[in-house]
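This report concerns only the one structure given below.
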Amino acid sequence: MSKSINKIYDLKDNLKIIEGESFHLSNYPTKLNIKVKKEKIIKELSKNIKEILILQDKLYAQSKYAVLFIFQGMDASGKDSIIKHVMGGINPQGCRVVSFKQPAQEELNRDYLWRIHNKIPERGMIGIFNRSHYEEVLTVRVNNLLKYQNIPEEFIDEQIWKRRFRQIVDFEKYLYENGIIIKKFFLHISSEEQKKRFLKRIEEKSKNWKFSKTDVDDRKKWNDFQLCYEDAIKHTSFEWAPWHIIPADEKFIARLLVSKFIIETLENLKLKYPEISSDKFDELILCREKLLNE
């Protein structure tokens, strides 16, 4: 492994937020400024993906834990590309990706965690959320969307966001205590880099479909979103469901960091293939003999 790759990995532990009451998003970089050839990162990422595949196979076979990776970030921060390039090499039979868009009326008629709980991965599976329940304390908060949720008026007051933080923490701890391991990634992009990516989406025909007028509208609320992200991360990052602040201005480095966090998450579960009983093993031997004697 090259020195530059090691430098990236050495910074990894500083990106994890635990009980972040003193957390300030401005203290975390959007770019690491480590000189490393793209080819080296691609080679290392390829190695990591193969390792994830092996660990995923054990997770699926053991069927004891489920793992949920949550990706949040401003538009064009790289959520789609990280999911594509980091998780694209694993077995789709053991993985489910869910993208949470604007809630449908059926979902608005229920509590805001209903549609989330319905998509939690089952044991043995890796779940990936492209956006998540955190939209309820981010987009809903910035764009004042509570009025569309038919919540009784007595529950809409200045304490509603603190209550939602508590509800989310309780929900994630409940999941953790039932064997669902949660890791959350905030893709931390700068305003300048987002502007570059937006212009690229407009100028390249193959990327036009990715762009929407609402992207520019939300960009005008950049500071409001940053404050809401900071508030949400500060109040919902705990050991059982920590946030990781991923510098996202450099896509390849962001992908590499996420892949390493995923490997560590799976390795910490001490996964192994199930061991069969002696009776079952004897049965396998008999089956083998029958097959050989056909």
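No value in this document is a laboratory result; all are computed from the given coordinates. Everything numeric in this text was worked out from a predicted model, so none of it was measured. Quick reminder, even Gly has a Cβ in these numbers, built from the backbone with ideal geometry, and neighbours come from all protein chains shown.
Before moving on, here are some points about what is shown:
- Farthest toward positive dipole pole in the chain [+1 Lys/Arg, -1 Asp/Glu at C-beta], among H24, A66, L284: H24
- Pairwise FRET efficiency - Q149 versus K43, Cβ, R0 = 30 Å, nearest 0.05: 0.05
- Highest mean packing first, where packing is the average number of other Cβ atoms within 10 Å per residue, the peptides 264-275, 48-59, 73-84 line up as 73-84, 48-59, 264-275.
- Result for the chain in a Gaussian network model with C-alpha springs under 10 Å: among W243, W161, W209, the largest mean-square fluctuation is at W209.
- Förster radius 22 Å - calculated FRET efficiency between V216 and K31, Cβ distance, rounded to 0.05: 0.45
- Rounded to two decimals, the Cα-based Rg/Rh of the chain, with Kirkwood Rh, is 1.02.
- The GluC sites (Glu not before Pro) of segment 1-50 that DSSP puts in a loop, and whose beta carbon has at most 11 other beta carbons within 10 Å, are E21.
- Listed by chain and number, the aspartates and glutamates whose C-alpha is less than 18 Å from the C-alpha of K196, apart from same-chain residues fewer than 8 away, are D75, D80, E204, D215, D217, D218, D249, E250.
- K101-S63 FRET efficiency (beta carbon distance; Förster radius 25 Å; 0.05 resolution): 0.25
- Here segment 232-294 yields Rg over Rh of 1.38, to two decimals, using C-alpha coordinates and the Kirkwood radius.
- Taking 0.890 mPa s as the viscosity and 25 °C as the temperature, the Stokes-Einstein diffusion coefficient of segment 168-294 based on its alpha-carbon Kirkwood radius rounds to 127 µm²/s.
- Helix axis angle, 278-292 relative to the chain longest principal axis, alpha carbon, degrees: 70 degrees
- Where labels lie 7 Å past Cα in the beta-carbon direction, separation of K205 and K280 in nm: 5.7 nm
- Centre separation in Å (Cα based) which lies between segment 7-79 and segment 238-294: 17 Å
- Normalised by the number of residues in the chain, the average gap of Cα pairs under 8 Å and 6 or more apart makes the relative contact order 34 percent.
- Rounded to the nearest 20, the Cβ-based charge dipole of segment 3-292 about its Cα centre (Lys and Arg +1, Asp and Glu -1) stands at 1400 debye.
- Between helix 222-236 and the chain: long-axis angle, C-alpha atoms, 0 to 90°, nearest 10: 50 degrees
- Label-to-label distance, nm, for residues given as K270 and S4 (7 Å Cα→Cβ offset): 3.9 nm
- Helix 191-203 and the longest principal axis of the C-alpha atoms of the chain enclose an angle of approximately 80°.
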